[in-house]
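Working notes, beginning with the structure itself.
Any read-out appearing in this document is the output of simple, stated calculations on the displayed coordinates, not a laboratory observation. Predicted model, so just to flag it, every value in this text is computed and none were measured. Counting neighbours? That spans all protein chains shown, and the Cβs are built from the backbone with ideal geometry, glycine included.
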Amino acid sequence: MQDRFRYDLGNCSIARSLELLGEKWTFLIVREAWYGIGRFADFERALGCTRSLLADRLHMLVGAGVLATEPYREPGARTRQRYVLTTKGRELLPVLIALREWGDRHLADPAGPPVQLHHRDCGHRVSLALQCTRGHMLEGADELIPAEGPGLRLAEADLA
């Protein structure tokens, strides 16, 4: 990608993802859903955001296929809907873990991070790692090279 400005910079998966998810409450809703919260009132209690904002974000996440609704009924009460992560929503977990790890390194309380993740089977801590398709572990961004993908488009000026 020699001349970055020759290409349509608006055709970007990061930008598209941020259009959907790039707001604090959206990721916090996904976090709470992963922790097992599903009822509207429980999201409201856990997050402390306004009801209208929560309703808007939940509606948007359901519309985008990140969350789904399913009926539930508590004894003696009417049937209601709860929110659950879809496969698409569960695929956001590495993004949440990356944000948490960065925050733990740079923004954590002096006492340390509030949450640690452990592998259910062996009990050891979990962390994210960069790995190429041949299995090589990467130490950081300096080992990455952006390359043209099949969806890369030339900018309008270069099409003429």
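Taking residue 134, is it among the charged types (D, E, K, R) and under 30 Å from residue 3 (Cβ atoms)? Give the derivation first.
Values: among the charged types (D, E, K, R): yes; under 30 Å from residue 3 (Cβ atoms): yes.
Answer is yes for this residue.
Scan 89, 22 and give me the residue that is under 30 Å from residue 155 (Cβ atoms) and not aliphatic (A, V, I, L, M).
On the way: 89 fails: under 30 Å from residue 155 (Cβ atoms).
After ruling out the rest, the residue left standing is 22.
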Quick check on the range 1-45: of everything there that is hydroxyl-bearing (Ser, Thr, Tyr) and under 11 Å from the mean Cα position of the chain (by Cα), which residue is surrounded by the fewest Cβ atoms within 10 Å (Cβ to Cβ)? 17
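Which residue, of 130, 107, 96, is of a type outside the set (D, E, K, R) and within 16 Å of residue 26 (Cβ to Cβ)?
Exactly one of 130, 107, 96 is of a type outside the set (D, E, K, R) and within 16 Å of residue 26 (Cβ to Cβ), namely 96.
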Pair list, Cβ under 6 Å, 6 or more apart: the range 106-117 residue without any contact (Cβ under 8 Å) to a residue 40 or more places away in the chain, other residue surrounded by 10 or more Cβ atoms within 10 Å (Cβ to Cβ) and in a loop (DSSP other than H, G, I, E, B): 117/126
Filter the range 78-132 for residues that are of a type outside the set (Lys, Arg), over 19 Å from the mean Cα position of the chain (by Cα) and closer than 17 Å to residue 38 by Cβ and give the result. 79, 81
Complete set of residues in the range 46-69 that are among the basic types (Lys, Arg) and crowded, with 16+ Cβ neighbours inside 10 Å: 57
Among (1) assigned to a loop (DSSP other than H, G, I, E, B); (2) over 25 Å from residue 20 (Cβ atoms); (3) of a type outside the set (A, V, I, L, M, F, W, C), the one test that residue 150 misses: (2)
When the residues of the range 144-160 are narrowed to those that are surrounded by 10 or more Cβ atoms within 10 Å (Cβ to Cβ) and within 24 Å of the chain's Cα centre (by Cα), which ends up nearest to residue 5 (Cα to Cα)? 152
Grab the helices (runs of 4 or more DSSP H) fully contained in the range 22-140, keeping just those with 1 or more residues being more than 25 Å from residue 12 (Cα to Cα) and out of contact with any Asp or Glu (no Cβ under 9 Å at 6 or more places or on another chain). 24-35, 40-47, 51-63, 93-106
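Filter the range 26-74 for residues that are among the acidic types (Asp, Glu) and in contact with a helix residue (DSSP H, G or I) (Cβ under 7 Å, 6 or more places away or on another chain); which is nearest to residue 97 (Cα to Cα)? First the steps, then the outcome.
Initially, the range 26-74 is screened for residues among the acidic types (Asp, Glu), giving 32, 42, 44, 56, 70, 74.
Now restrict to residues that are in contact with a helix residue (DSSP H, G or I) (Cβ under 7 Å, 6 or more places away or on another chain): 32, 44.
Numbers: 32: 13, 44: 23 Å.
So, considering only residues that are among the acidic types (Asp, Glu) and in contact with a helix residue (DSSP H, G or I) (Cβ under 7 Å, 6 or more places away or on another chain), the one nearest to residue 97 (Cα to Cα) is 32.
If I filter the range 75-90 for residues that are loosely packed, with under 13 Cβ neighbours inside 10 Å, free of Cβ contacts under 8 Å to residues at least 24 places away in the same chain and either among the acidic types (Asp, Glu) or touching a helix residue (DSSP H, G or I) at 6+ places or on another chain (Cβ under 9 Å) (or both), do I get at least one hit? Quick ask: steps written out before the conclusion?
Start the filter on the range 75-90 by keeping residues that are loosely packed, with under 13 Cβ neighbours inside 10 Å, which leaves 75-79, 87.
From the residues that got through so far, the ones that are free of Cβ contacts under 8 Å to residues at least 24 places away in the same chain too are 75-79, 87.
Now narrow it down to the ones that are either among the acidic types (Asp, Glu) or touching a helix residue (DSSP H, G or I) at 6+ places or on another chain (Cβ under 9 Å) (or both): none.
The answer is no; no qualifying residue exists.
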